[in-house]
1. Give me the accessible area per residue for the protein assembly as shown, probe 1.4 Å, as a whole number in Å².
2. Threshold 30 Å², probe 1.4 Å: give the residues of region B:228-260, in number order, that are less accessible with all protein chains present than with their chain alone.
3. For B:D183, place a label point 7 Å from Cα along the Cα-to-Cβ direction in every copy; what are the distances to the other copies, in nm, shortest first?
4. Which listed residue (A:Q187, A:I132, A:L121) has the Cα farthest towards the positive end of the charge dipole for chain A, taking +1 on Lys and Arg C-beta and -1 on Asp and Glu C-beta about the Cα centre?
5. Counting only residues 5 or more places away or on other chains, whose amide H sits under 5 Å from the amide H of B:Q101 once H atoms are built in the peptide plane?
6. May I ask you to derive the relative contact order of chain A, considering only C-alpha pairs under 8 Å and at least 6 residues apart, and to give it as an integer percent?
7. As a test of the definition: with a 1.4 Å probe, what buried accessible area, both sides summed, do you compute for A against B, in Å² to the nearest 100?
8. So which GluC sites (Glu not before Pro) in region A:304-344 end up in coil per DSSP with only 13 or fewer other C-beta atoms within 10 Å?
Number of protein chains: 2
Amino acid sequence: MRQRRRGSVQRVTMSDVARVAEVSPMTVSRALNQPDAVRPELRERVQEAVRKTGYIHDRIASALASHRSGMIAVILPTIASSMFSDSVRGISEVARARGAQIVLAETNYSVMEEEAAVAALLGRRPDGFIVIGTIQSERTRSQLVRAAVPVVETWDTTEEPVDSLIAFSNRDAAQAMTEALADLGYQRIAFAGVANGDRRARLREEGYRAGLTARALHAPQVVYVEDLTSMRSGALVADMVTALAPQPDALFCLNDVLAAGALLALQRKGLRVPDALGVAGFGGFDFAEHLVPSLTTVDVPRYAIGHEAACVLMDRIEGLADAHKISRTEFQICLRESTRDIIL
Amino acid sequence: MRQRRRGSVQRVTMSDVARVAEVSPMTVSRALNQPDAVRPELRERVQEAVRKTGYIHDRIASALASHRSGMIAVILPTIASSMFSDSVRGISEVARARGAQIVLAETNYSVMEEEAAVAALLGRRPDGFIVIGTIQSERTRSQLVRAAVPVVETWDTTEEPVDSLIAFSNRDAAQAMTEALADLGYQRIAFAGVANGDRRARLREEGYRAGLTARALHAPQVVYVEDLTSMRSGALVADMVTALAPQPDALFCLNDVLAAGALLALQRKGLRVPDALGVAGFGGFDFAEHLVPSLTTVDVPRYAIGHEAACVLMDRIEGLADAHKISRTEFQICLRESTRDIIL
């Protein structure tokens with residue numbers, strides 16, 4: 001039976017590394033803490049010596065010394081959705097390149113859990129926060145303002161960002177899709193939303209309603225599901241929409257997972273997409289363009305949003321930028337086979 | 001222009017919280033550091049006072065005092081795949097319930113990046129490590145052993161786990177699927193693998209070859225792709241497999257993303273699944289059962305693996321378990337519409 005307890009983690013010291021690398025301990029320290037300040041060949045020599053000696057660079061001690069923890073906190077609604085994992089991948093690549101680590105917390109689309117996550121993470125003294133979404137709670141907002149760390153919110157517009165914002169308008173994007181469907185000749189466009197209070201979901205529903213009004217289509221038909229990230233939920237949407245009277249001629253889903261689930265369930269019922277019912281999603285998922293028929297969607301640059309958010313945050317952390325930044329990301333309406341292509 | 005710098009984070013002290021909650025500072029400390037040791041009503045009162053005062057519990061200071069950072073490091077091949085994000089979700093729910101935070105690092109299936117990630121994370125003094133996969137590098141292994149923190153490896157068997165292991169055999173699972181396909185009467189079963197050296201991919205290919213041998217089917221036909229996590233890559237597999245001579249009658253893909261991409265691309269070519277070609281995947285993704293036709297797959301309890309790994313790790317961290325644990329997870333062969341159901 002092996003016993004494993006926290007033991008003598010730091011037997012190898014910076015001086016040992018310095019000796020092996022044949023440089024001064026100061027050079028080792030700079031190579032580890034500010035790699036960009038050291039010539040590449042010296043850096044390589046130090047890194048080689050770190051590998052040889054098995055030295056562990058104590059980042060907690062250096063965090064206390066430098067007032068930087070080297071960690072960036074990422075708050076996201078759920079890890080389960082590839083929608084957000086693409087953004088996390090964008091963040092992760094920048095973090096790795098710039099020597100930061102990601103601390104992750106999920107909110108499960110809950111304001112209570114958001115408060116808990118931010119409070120817990122603040123206690124770890126991250127150098128900054130990236131929020132997939134915008135901060136919902138006033139209490140959380142004021143906590144972040146008081147902590148005076150840079151914050152980048154993403155994936156939505158807000159009138160009152162805590163600090164920086166990489167945004168596209170969920171409302172405008174949903175309105176644009178609804179109008180595009182109307183321009184294809186669809187007259188009874190139904191919307192699949194979620195029953196809970198997720199802000200982005202509400203904004204997309206608002207955009208749908210505004211789009212109907214803009215094209216003089218009235219009587220919105222909305223069905224709600226509880227779970228917004230499963231194909232099974234999309235199959236439920238298909239059931240509910242086919243039961244509506246009058247029968248819609250198009251279905252616009254809150255996201256591509258619901259839309260794909262609905263499209264496949266409609267196929268299984270023998271209903272032809274797009275002839276019997278046009279289907280559109282939101283998010284521009286990888287699988288959307290591979291489905292048969294391929295899925296019409298609002299394409300959002302998920303990876304790029306994460307990448308840009310992390311760049312903005314790291315610039316602030318490293319003192320390369322002083323002011324907050326409000327940046328606009330574009331969305332794109334991708335019309336594919338799941339909606340008819342005759343513009344009436 | 002708002003200036004945001006790390007400022008007076010800790011104006012509110014534990015004594016302020018104690019005053020508002022009308023308890024002793026000691027009680028506040030215990031309620032925050034060992035919540036289970038405090039009566040629920042006291043805990044609630046302290047939490048309410050924390051909320052009211054906006055107190056930030058400094059976990060770095062308490063980490064130095066307790067020798068525990070409250071962070072668990074999670075090493076995974078890629079965030080982009082919903083395969084692993086389900087496991088991370090399992091880890092995340094346990095971590096949240098037990099007051100730990102997740103620090104995340106990707107390896108991109110690279111041994112070099114695995115070394116870099118573990119070294120960087122060790123410097124943050126996490127209380128333990130969960131690895132999605134098994135540790136590949138000898139250097140990383142010895143670093144973890146020296147650091148004497150609990151480690152849970154998952155998603156694969158290995159003869160030499162660093163510490164604990166939650167495993168299923170990728171080799172056995174792939175062999176079982178190959179034999180199941182043979183038992184359905186398929187005689188020329190092709191396999192889609194990856195060109196790079198990912199260990200799990202190699203083991204699945206080995207299992208495929210062993211399955212052919214076990215059923216006296218010879219001449220394995222293997223096609224390789226570079227990218228194992230995109231639908232586009234699955235479409236490439238479909239192209240390569242239809243070009244093989246003799247023409248395979250079944251295709252077994254390394255994972256469900258490749259299999260779904262192949263299945264949809266075959267449909268687009270007008271090839272009927274499962275009549276012209278049976279298709280099977282690996283992983284038991286959510287979408288597998290919703291595809292039309294639904295996808296035959298090796299179902300792996302992705303969420304449960306993460307959940308169990310986190311429970312095992314937290315037990316070790318909290319001193320509830322002393323010894324390492326080797327645990328076996330089951331896989332299941334799910335035969336669905338993408339393979340024929342006549343047993344010849």
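The values are calculated or read from the model by the stated rules, or taken from the named source; none is laboratory data. Quick caveat, the model's predicted, so the values are computed rather than measured. Don't worry about glycine lacking a Cβ; one is built from the backbone with ideal geometry, like all the others, and counts go over all protein chains shown. Note: areas computed on protein heavy atoms with side chains; ligands, DNA, RNA excluded. Shrake-Rupley method; radii C 1.70, N 1.55, O 1.52, S 1.80 Å.
1. Accessible area per residue: 40 Å².
2. With the partner chains in place, region B:228-260 has these residues losing at least 30 Å²: B:M231, B:R232.
3. Result for B:D183, in nm, nearest copy first: 5.5.
4. Comparing the listed Cα positions along the dipole, A:L121 ranks first.
5. It is B:M71, B:I72, by chain and number.
6. Reported as a whole number, the value is 15 percent.
7. 7200 Å²
8. Here the GluC sites (Glu not before Pro) that fit, given the DSSP loop and packing criteria, are A:E330.
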